[in-house]
Amino acid sequence: MNGEFLHDNLLETSGVSFSGSSWSLPLTNLLDRQMVARPARCTTPAAATIRVDFGRPLTVSRWFLAHLTTTLVATYSVKASSTAAHAGDLLTLGPARIVARAVSSVSLPWDEPGWWRGIPRQKDVEQYPRHLWIRLNKTRARYWEITLSDPANAAGHLDVGYALAGTPVTVEYNYDLGRRRLREQRSVVEYTPGGGIITSRRAPLRGQSVTFGLLSDAEAARFYDMGQLRDTVDPVVFVPRPTDHRDGLRDIYPARLISAMTPQMEQPGIWSVAVEMKELIA
């Protein structure tokens, strides 16, 4: 399946309301761009329930929860309903692992905690922020419920930094060969007069760079609209391989557009556009 962008966040639609259980920091923080500094926080991590009432039936096929403070054994489930009872009469999914199988077990050292489930080495997993990308069939519903379950969470609470929901921008022909993963180093290094090195280690900023070269008129217009709507401030999520999450840990994260998103007509009816994004770690 071709790469896709989630950017038009239906959770920002007028009339949306949130509810749930035991959220000491409010669920409205799910739309706060400060993310880590102002998360939604649940004090019952074994059953952290997010209920969303869109105010009217809307079609959703993707959910994205950013900057989770869940452990490697946490699970999630999803319900979509036609009534406020959140009975899941339109869709019921899960429970499923937030950190799912990503590598072959035989490629891991035997003593790794995630050996049986194909989870990358713990030292690799822990260096990346934890995000949850949920891919669904298109479902038109007014009431949604996402439940995170992490009873092993020693902190006694669970944070969710940001959330998006909607349907992604997709194209008929995938991005050109040569997709690049970018990285901007942020660690600070100073040298003393005696030649000593003083370092302040900071997590690098990731990025993605892709070019779409066979866009139709309508597809080029959608990219142009995305750049107009999100600019270089509002979060977008790019998923290069939606049906294969082996590299989701490295590739799926909230980002902002760096490129100007200006399509170029190569010949009548065929456009190209270069897209560059930089990770949001707020």
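Kindly identify region 4-166 as rounded, prolate or oblate by the Cα gyration tensor criterion: order the square roots of the eigenvalues as a ≥ b ≥ c, call it rounded if a/c is under 1.5, otherwise compare a/b with b/c, prolate if a/b is larger, else oblate. Judged from the Cα gyration tensor, region 4-166 comes out prolate (a/c at least 1.5, a/b above b/c). Taken over region 180-279, the alpha-carbon convex hull comes to 133 cubic angstrom per residue.
Taking a sphere under 13 Å around the Cβ of Thr232 and counting the other residues whose Cβ falls inside, with K and R at +1 and D and E at -1, yields a net charge of +1. The phi-based Karplus calculation (6.51 cos²θ - 1.76 cosθ + 1.60; θ = phi - 60°) puts the 3J(HN,Hα) values of region 213-227 at x, 10, 8, 7, 4, 5, 5, 4, 5, 5, 5, 4, 5, 4, x Hz, whole numbers, x for Gly and Pro. Less than 18 Å from a label point 7 Å out along the Cα-to-Cβ axis of Ser107: which backbone N atoms in region 210-252 qualify, by residue? Under 18 Å, as judged by backbone N against the label point of Ser107, lie 240-252 of region 210-252.
In a simple Cβ point-charge model (Lys, Arg +1; Asp, Glu -1; nothing else charged), the chain has a dipole of about 540 debye relative to its Cα centre. Label-to-label distance, Thr43 versus Arg179, with points set 7 angstrom from Cα along the beta-carbon direction: 4.3 nm. The order of the peptides 260-268, 6-14 by mean Cβ neighbours within 10 Å, most packed first, is 6-14, 260-268. Ranked by the mean number of other Cβ atoms within 10 Å of their residues, highest first, the peptides 169-176, 149-156 fall in the order 169-176, 149-156. From the alpha carbon centroid of region 174-227 to that of region 228-261 is 11 Å.
Packing order of peptides 42-49, 91-98, 186-193, highest average first: 42-49, 91-98, 186-193 (average count of other Cβ atoms within 10 Å over each peptide's residues). Here each label is just a point 7 Å from Cα along the line to Cβ, and for Thr243 and Arg186 those points are 3.5 nm apart. Dimensions of the chain from C-alpha coordinates, computed as largest minus smallest value along each principal axis and given longest first, are 62, 52, 39 Å.
Projecting the Cα atoms of Leu108, Val78, Asn153 onto the dipole axis of region 48-170, where Lys and Arg carry +1 and Asp and Glu carry -1 at the beta carbon, places Val78 farthest toward the positive end. Farthest towards the positive end of the charge dipole of region 174-282, among the residues Ile281, Pro240, Pro263, is the Cα of Ile281, using unit charges on the Cβ of Lys, Arg, Asp and Glu.
Between Tyr128 and Ser19, the FRET efficiency estimated from the beta carbon spacing at R0 = 45 angstrom works out to 0.90.
No lab work stands behind these numbers, since they all come straight from the coordinates. Computed from a predicted structure; not experimentally measured. Reconstructed Cβ throughout: ideal geometry from the backbone, glycine too, with neighbour counts over all protein chains shown.
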